[in-house]
Amino acid sequence: MDTEVLRSYLPLFWEALILTVRIGWLGIALAFAIGIITSALLHFKVPVLSAVAKVYIELFRNTPLLVQLFFIYYGLPVLGFQVSAEGCGIAGLGLLGGSYMAETIRSGLDAVPLSQTESALALGMNKRQLFGSIVLPQAFSTSVPALVANVIFLLKETSVFSAISLMDLMFTAKDLIGLYYDTTEALFLLVIFYVIMLLPVSIAGSFIEKKARFRIFG
Amino acid sequence: MGMEKEVLKIEHIHKKFDDLTVLEDVSLTVHEGEIIVIVGPSGCGKSTFLRCLNGLEEINEGHIYIDEEPVNPAGKNITKIRERIGMVFQSYDLFPHKTILENVCLAPVKVQKRKKDEVKEEALKLLERVGLSAKVNSFPRQLSGGQKQRVAIVRALIMHPEVLLFDEVTAALDPEMVREVLDVMLDLAKQKRTMLIVTHEMAFARAVADRVIFLDGGHIVEDADPKQFFDSPKTDRAKKFLSTFEFEEK
């Protein structure tokens, strides 16, 4: 492996990492927001909207991100909406992730004993207070491992962003291989940079898991 | 008693779970400061009755009023009504992710929008009164059953409810912890709190009750003062029920 080549590639990979992380985290934040709202609709069996939520989940869980990205990237302009490639990436990741997060959080919500809901209601809480202060925090604690798995999965899914011309890590590696044929060096850096991006998430995940478990289960 | 204000009025309520009738034409008036103990065999509808009073269960027929305001679980003001009716459950149901102090302060701050400092001060006073000053920063899992139940009582009290409902609050406790919880309730009785207590602790019922309601098969079978109920029950069903608590000597 040529260290000179590695060194010359570094700034490009670094830039790609920043872009990937930025889009990745914005998409994941969107996924959490969608997931929480969708799971609440399902948990409280809100008429009509919970059916919409179910259709949404099945639609986005059962289609590849690549296909969703194509739809957003090429489909929205047809409908008259101009969205940047970055916006498409965030929206795609958010929508795909939202469907996964919704199911994960819902399973956590369902695991909170009904008696918790009843004692909160007996104290005069409304549904919003009940959900935000009592049910959701407990659901999160039990769902942390699955949520962390979702986050890692979503960050890895960013590798299809190159299809809509976003210069993420995968795009950069492919591009460099295409230009200079330094396949080994480019792939080596690709692996390293994915690990750099995801290892902290794994570590933070197990830390949060321990904390969350301790609060509830000791 | 006749002069006291009527706090709760329950008129001809019926409650069914699918085909199973749990309460049939139950009526009861609770006056301010009155302590009513509800006894009866398992499955007689005691717990369901209490749960109807704060709208945790929907009634199929009849009316419930607190201070002349109807209790309707589907109504807009149900949360306001629940603030006025405190309830303590058999399984404590403290919030496991919150400390003892947070458990107590949550509803007054979030629901009643009271000032944090004022609520905290009252919480500390109440927790001290039930002997739990040392536990304010602990989590529920670090407490014994009896301690948890005392916190649950404080959590209900801090809302300043007009009525307190106790649903078999000592049934899940080890015998040596029953007393510490009953002592807290005796203290409340001395303060002339309006309380409805479902319990299997007959000696306690006798000591604390102004009235004993004997519920069986979804009906109020007897409504009497405790001395009369425990010494000379009128109905055979009550006699039979009370005899299950006695043992003949060898």
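Quick note: the coordinates plus some simple rules give every number you see, no bench work behind them. Just so you know, these numbers come straight off a predicted model, no measurement behind them. Cβ sites come from the backbone with ideal geometry, for glycine too, and all protein chains shown count toward neighbours.
Observations
- Annotation for segment A:1-78 versus segment A:98-149: alpha-carbon center distance of 23 Å.
- Computed over chain B: relative contact order in percent, which uses C-alpha pairs under 8 Å that are six or more apart: 25 percent
- Equivalent ellipsoid semi-axes - Cα gyration tensor, segment B:6-243, angstrom: 29, 22, 15
- Anchor A:LYS54: lysines whose Cα lies under 16 Å away (excluding residues fewer than 8 positions away in-chain): A:LYS45
- Partner aspartates and glutamates whose Cα lies under 20 Å from the Cα of B:LYS16, excluding those fewer than 8 positions away in the same chain, are identified as A:GLU118, B:GLU24, B:ASP25, B:GLU57, B:GLU58, B:GLU61, B:ASP167, B:ASP216.
- Remark: mean inter-chain Cβ contacts per residue of B:81-87 equal 3, using a 10 Å Cβ-Cβ cutoff to other protein chain atoms.
- Calculated P(r) tail over 15 Å for segment B:106-186, as whole % of Cα pairs: 58 percent
- Backbone HN-Hα couplings from phi across segment A:111-123 [Karplus 6.51/-1.76/1.60, Hz, Gly and Pro as x]: 7, 6, x, 4, 5, 5, 4, 5, 6, 5, 5, 4, 7
- Among A:SER39, A:SER206, A:SER99, residue whose mean-square fluctuation peaks in a GNM of chain A (springs only between Cα atoms under 10 Å): A:SER206
- Choice from B:GLY75, B:GLY86, B:GLY218 showing the highest fluctuation, given a GNM over chain B with Cα pairs closer than 10 Å: B:GLY75
- Viscosity 1.567 mPa s, temperature 4 °C, Stokes-Einstein D of the protein assembly as shown from Kirkwood C-alpha radius, µm²/s: 50 µm²/s
- Least to most buried among A:MET101, B:MET195 (fewest other Cβ within 10 Å first): B:MET195, A:MET101
- Relative contact order computed over segment A:97-202 (Cα-Cα under 8 Å; 6+ residues apart), in percent: 24 percent
- In Hz, Karplus ³J(HN,Hα) per residue of segment A:46-61 (6.51, -1.76, 1.60; θ = phi - 60°; x = Gly, Pro): 5, x, 6, 5, 5, 5, 4, 4, 5, 4, 4, 4, 5, 4, 8, 6
- Positive-end ranking of A:VAL83, A:GLN68, A:GLY205 along the dipole of segment A:3-217, with charges on Cβ about the Cα centre, is headed by A:GLY205.
- For segment A:84-218, a simple Cβ point-charge model (Lys and Arg +1, Asp and Glu -1, everything else neutral) yields a dipole of about 660 debye relative to the Cα centre.
- Beta bridges by DSSP in the protein assembly as shown, antiparallel share as percent, to the nearest 5: 55 percent
- Charges were assigned to the Cβ only: +1 to each Lys and Arg, -1 to each Asp and Glu. The resulting dipole of the protein assembly as shown about its Cα centre is roughly 820 debye.
- All-pairs alpha carbon distance profile, segment A:3-217, 5 Å steps from 0, percent: 1, 7, 13, 15, 15, 14, 12, 9, 6, 4, 2, 1, 1, 0
- Under-5 Å amide H pairs with B:THR29, H placed in peptide plane, nonlocal only: B:ILE10
- Among the listed pairs B:LYS15/B:LYS240; A:LYS174/A:LYS210; A:LYS210/B:LYS135; B:LYS46/B:LYS135, those whose Cα-Cα separation exceeds 29 Å are A:LYS174/A:LYS210; B:LYS46/B:LYS135.
- Selection from A:LEU187, A:ALA173, A:LEU95 lying farthest towards where the dipole of segment A:95-218 points positive, charges on Cβ: A:LEU95
- Test item: Cα-centred dipole of segment B:180-225, Lys/Arg +1 and Asp/Glu -1 on Cβ, debye: 200 debye
- Highest-MSF residue in chain B out of B:ASP167, B:ASP223, B:ASP117 [GNM, Cα springs under 10 Å]: B:ASP117
- Projecting the Cα atoms of B:ILE64, B:PHE95, B:HIS12 onto the charge dipole of segment B:5-137, computed from C-beta unit charges around the Cα centre, puts B:PHE95 farthest toward the positive end.
- B:MET87 long-range amide H proximity, modeled H, under 5 Å: B:LEU165
- Considering only alpha-carbon pairs that sit under 8 angstrom and 6 or more positions apart, the relative contact order computed for segment A:3-217 is 29 percent.
- Whole-Hz ³J(HN,Hα) from phi, Karplus 6.51 cos²θ - 1.76 cosθ + 1.60, for segment A:64-81, glycine and proline x: x, 4, 4, 5, 4, 5, 4, 4, 6, 6, 9, x, 4, x, 4, 7, x, 9
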